[in-house]
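Only one structure is covered here, and it is reproduced in the block below.
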Amino acid sequence: MIRLQAYDLILKKRNGYELSTAEIEHLITSYTLGLITDYQMAAFCMAVYFQGMNARETADLAVAMANSGTKYDLSGVGGTVIDKHSTGGVGDTTTLVVAPLVASCGVPVAKMSGRGLGHTGGTIDKLESIPGFRCNLEQEEFIKQVNAINISIISQSETVAPADKRLYALRDVTATVDSIPLIASSIMSKKIAAGADGIVLDVKTGRGAFMQRRDQAVELAKAMVAIGKELKKPTIALITDMEQPLGYTIGNALEIREAVQTLAGEGAWDLTELCLQIGAEMLVLAGRSQTHEEAYQVLQEKLKSKAGLLKLRELIRSQVGNPDVVDDPSLLPQAHYLTEVRSERSGYIKSIDALMIGRLVMQLGAGRRTKDSAIDLSVGIELKQKAGAYVQQNQVLAVIHSNRPISAESGALLGCFQFSQSPPRFRPLVWEKITPEDV
Ligand code: URA
Ligand code: CA
């Protein structure tokens, strides 16, 4: 009987019809309970892949998946909670900077983050390179800390959106990952379960991004903003550049060090600017600032006064990490070998391949090949130059931090740098902004 219903729903979507809220709910609930087989669900995903889903169906799918597991109730937090999500980047240290910066403005940050997978890193792995840092607070503790110091960052519970977890594994082996409605509902299901009042999405585009092409990134951003609009949850997206790695470092402990430097006002231009842009959107959604410009200025002041750095210190202390890492980065895990990579020619750096660098850092041991791989928190790559810079022959381009002697990696890293004789065209950091009015 149930199987027959699943058959009908697959058929309906395969033939290009719209599914009702009740039908989508039924499909996901039955799948979660094990009443629908993986092969039927896979067929359903393929039907969605070819026929698509409208905004209402996509929102219903996101909600149904959010309802399949733990949902966080943040009503105990005083003030509007704005979440921030990145579709994944290389050297994307943003959360570690923007969360304390926004919290230092008096806006509560109750953030659930993930671990790295493949060539992209995850905030939780980075935080765990701080000796003692605890990422697995209970909901009650989490809320208590947010109310006390305005910030907590914890790892997303295994019990959040289990239907999405199963569905993603299925999509991964049935060539149905790259469907916009399936990706949008997958990402948003976890954001909905995390309980925030509003969401700022950082949708990356470029070589190191999940959506390499800008038109695809825009399409994904629109689908996610449309879900927020359907659910009356203020949501906006920035399309941001991930052609070269963000900031100067890629690797877990290295990125903690970079977050500290950035919060001290001494960070790379691109990382600092992205944090100000995303933070400004968060302050506006939270109602802390009237305009983007005003919010941007408030955040710049917080960088100048180092209020965000102080907040990072508080966050680390509160989650039982050693706060002294803020003053003395040598307390973070250190790699045994530092290998300089030097330029073989003079010229402008045209591009630095974020995807290849992400893969290299993973090979060094900083990233996971599979969900359960162990990782080395100390290793990574430190860029000494970014795209657009003019370098002399033999000038140091990057330093590899490793725990084994380096051989082929130096050449591979050098190969990530492309040169030109004239200054390369400037790539914008923020390509565009997608608001509910755009969808
Ligand atoms: N990230 C997700 O969380 N889900 C997808 O489907 C793709 C990327
Ligand atoms: Ca970085």
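Couple of notes before you dig in:
- Residue separation of Asp8 and Lys306 scaled by 0.36 nm, minus their Cα-Cα distance, works out to 101.4 nm of gained length.
- Between amide H atoms placed 1.01 Å from N, distances below 5 Å from Gln395 occur with Ser343, all of them 5 or more places distant or on a separate chain.
- Stokes-Einstein D (µm²/s) once Rh is taken as the Kirkwood radius of the chain over alpha-carbon pairs, at 10 °C in 1.306 mPa s: 71
- Segment 309-379, relative contact order [Cα under 8 Å, separation at least 6], %: 23
- With R₀ fixed at 25 Å, the C-beta to C-beta distance from Thr29 to Phe50 puts the FRET efficiency at about 0.55.
- Cβ-placed point charges (K, R +1; D, E -1), dipole of segment 335-420 about Cα centre in debye, nearest 20: 160
- The distance separating the Cα centre of segment 58-134 from that of segment 17-39 comes to 28 Å.
- Length-normalised contact order of segment 212-361 in % [C-alpha pairs under 8 Å, at least 6 apart]: 24
- Note: relative contact order over the chain, using C-alpha pairs below 8 Å and six or more positions apart, is 20 percent.
- Segment 6-52: C-alpha gyration tensor shape, a/c 1.5 cut-off, then a/b vs b/c: oblate
- Projecting label points 7 angstrom from Cα along Cα→Cβ for Arg427 and Val396 puts them 2.5 nm apart.
- Segments 380-392, 98-110 sorted - mean Cβ within 10 Å per residue, highest first: 98-110, 380-392
- Legend: residue pairs Lys191/Lys384; Lys233/Lys384; Lys190/Lys306; Lys165/Lys384; Lys71/Lys371; Lys190/Lys386, Cα-Cα distance threshold 30 Å; pairs beyond threshold, Lys191/Lys384; Lys233/Lys384; Lys190/Lys306; Lys165/Lys384; Lys190/Lys386.
- In order through segment 12-19: 3J(HN,Hα) via Karplus (6.51 cos²θ - 1.76 cosθ + 1.60), integer Hz, x for Gly, Pro: 4, 5, 4, 7, x, 8, 7, 8
- Where only DSSP H runs of four or more residues are counted, the chain gives -13500 deg cm²/dmol as its mean residue ellipticity at 222 nm, each run worth -39500 (n - 2.57).
- Cα-centred dipole magnitude for the chain, charges only on beta-carbon of K, R (+1) and D, E (-1), debye, nearest 20: 440
- Within straight-line cross-link reach of Lys13, aspartates and glutamates at Cα separation under 12 Å, skipping those fewer than 8 residues along the same chain: Glu23, Glu57
Each value in this text was obtained by applying a stated rule to the coordinates, not by laboratory testing. Not measured: the values here are computed from a predicted model. No Cβ is skipped: glycine too gets one built from the backbone with ideal geometry, and neighbour counts run over all protein chains shown.
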